[in-house]
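The values are calculated or read from the model by the stated rules, or taken from the named source; none is laboratory data. Given the structure is predicted, the values throughout are model-derived calculations rather than measurements. Because the Cβ atoms are built from the backbone with ideal geometry, glycine has one as well, and the counts that use them run over all protein chains shown.
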Amino acid sequence: MNRIALVLIFFSAAIATTGCALQVDPFSRSVIGITAKTKGATDKCANMPKEMREKLELYDDEENQEEYAYVHDALALADAGDLTGALAVFDKAADAAPSNERIPYLKGAFLLANGMNDEALAPLDKAIAIKPDDLDINSVKSKTLICLSRPDDAIKQMNQFVDALLTPDASDYVVKGYWLALLGRHDEAGVAFRKAAEMDSKDYTALLNIGVISYYTGRYKDASSQFGAAIKTNPEKQDGYLGKGYTLVKLGNGQEALAEFDKAVAFGCESASGYLGKGYAYTLMGNHDAALKELDTALSLSESNRDALLCKAYALIGRNADGDRQAATGILQALIAEEPRDIVAVYAYSLLGDKESMSALMAEIIKAEPTMEQEFRTSPLLSK
């Protein structure tokens, strides 16, 4: 599943993407990332032990070699099977430096790395009590709460974090908007992003995310304007062109969308995103041969890209040459087997026949996960 790299990054204070870092399409299905209560949160939680372990292994504070030493001592003990001894290392360090918020924070990260989500809350709370305005600590605690199926507590935590800042700046409101969006509170997220833009009219990330929220809530003309503003602020980043391109697709302006996607390709390095966008545009314009050419390029850069595969299935169904329906069937069956809740893939499969059972399945998906209806409506593949 793709993610919106520019908006929804769990651990980074620097939410804006740079250079060639973006390797996903920020406007494909589920990409808005605002389905955290369901599959978005599930995916991230499954990866949390690995992410926390990598975070600890990379921890190297040149200004405090003692912290570096105890983290690695704890990891070594845990790898040797002595989890109790590893936790004792953190406790000993905390006794020696009770005002250092990093120690309980790193203990919490260590517990998360070992799948002990409930146990991680206490040391994270202790760290926040010492330094309530620390973004990293609050973000990790909020993610932990989401993984414990406590999304309301997670957003409360991030609201408390923002309130704890003595002089919130634009980046603080971007963070607040990120968490509000992640938990489905789109209107409030838009307010937070707009507040960031008011505080810094050249904040690329804030302008970009206002466009994202407008796109996701179906206000495509406003989204186009916001992406245009973001592009003016930083014309060398791919994301703004992608956003504007997808917005133009939803507005039915295929040729204009292609021009934006061409710019995304130019600034996208080896990213598949621009080619995927062109595939969407050509598919909806009925030029299926051109769409398949662009999608094959996208898949050559990202062979397991679900969105490119799904768009390819649509293009094959639309072209309907010999063997196309069979190829589309194989693609869609594989996608649905991997993710049965992929409502757009289920809809595409209904185009091949058996519409009654597929419609019933779509209704079941929406009933279980109401956010899927919004995801369905905003898919670039359903502009017509």
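If you filter region 346-362 down to residues that are at pLDDT 85 or above and of a type in the set (A, V, I, L, M), you find that the one that is nearest to Tyr314 (Cα to Cα) is Ala348.
Okay, residues lined up against (1) of a type in the set (Gly, Ala, Ser); (2) surrounded by 24 or more Cβ atoms within 10 Å (Cβ to Cβ):
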position: Gln238; (1), (2): no, yes
position: Leu242; (1), (2): no, yes
position: Ser271; (1), (2): yes, no
position: Leu284; (1), (2): no, no
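In the condition set (1) closer than 29 Å to Gly184 by Cβ; (2) of a type in the set (A, V, I, L, M, F, W, C); (3) at pLDDT 85 or above; (4) touching a helix residue (DSSP H, G or I) at 6+ places or on another chain (Cβ under 9 Å), Phe376 is compliant with all but (3).
Evaluate region 296-317: report whether one residue or more is among the charged types (D, E, K, R), surrounded by fewer than 15 Cβ atoms within 10 Å (Cβ to Cβ) and in contact with a Ser or Thr (Cβ under 9 Å, 6 or more places away or on another chain). Within region 296-317 (the criterion being among the charged types (D, E, K, R), surrounded by fewer than 15 Cβ atoms within 10 Å (Cβ to Cβ) and in contact with a Ser or Thr (Cβ under 9 Å, 6 or more places away or on another chain)), the answer is no, since none of the residues qualifies. Cβ separations smaller than 6 Å between residues 6+ apart or across chains give the following pairs from region 237-263 residues that are within 18 Å of Cys311 (Cα to Cα) and aromatic (Phe, Trp, Tyr) to residues that are modelled with pLDDT under 95 and not in a helix (DSSP H, G or I): Tyr246/Phe27. Applying a threshold of 6 Å to beta carbon distances and a minimum spacing of six or more residues, or different chains, the list of pairs starting in region 179-196 at a residue that is hydroxyl-bearing (Ser, Thr, Tyr) and ending at one that is modelled with pLDDT of 85 or more is empty. Reported count of residues in region 252-264, each being hydrophobic (A, V, I, L, M, F, W, C) and surrounded by fewer than 23 Cβ atoms within 10 Å (Cβ to Cβ), is 2.
Of the residues in region 335-351, at least one is of a type in the set (Asp, Glu), touching a helix residue (DSSP H, G or I) at 6+ places or on another chain (Cβ under 9 Å), touching a residue at least 60 places away in the same chain (Cβ under 8 Å) and surrounded by 18 or more Cβ atoms within 10 Å (Cβ to Cβ). Step by step: first the residues of region 201-228, then only those that are in contact (Cβ under 8 Å) with a residue 24 or more places away in the chain and β-branched (Val, Ile, Thr), then the one that is farthest from Ser171 (Cα to Cα). Which residue is that? In this case the residue turns out to be Thr217.
Taking the conditions (1) more than 21 Å from the chain's Cα centre (by Cα); (2) over 30 Å from Asn234 (Cα atoms); (3) touching a residue at least 60 places away in the same chain (Cβ under 8 Å) in turn, Ala313 satisfies each one other than (3). Residue count for region 155-171 satisfying the condition of being hydrophobic (A, V, I, L, M, F, W, C), crowded, with 17+ Cβ neighbours inside 10 Å and either at pLDDT 85 or above or not in a helix (DSSP H, G or I) (or both): 1. Highlighted here are the helices (runs of 4 or more DSSP H) found entirely within region 273-384 that include at least 2 residues which are within 27 Å of Gly254 (Cα to Cα) and of a type outside the set (D, E, K, R): 273-285, 288-301, 306-319, 324-338, 343-350, 371-378.
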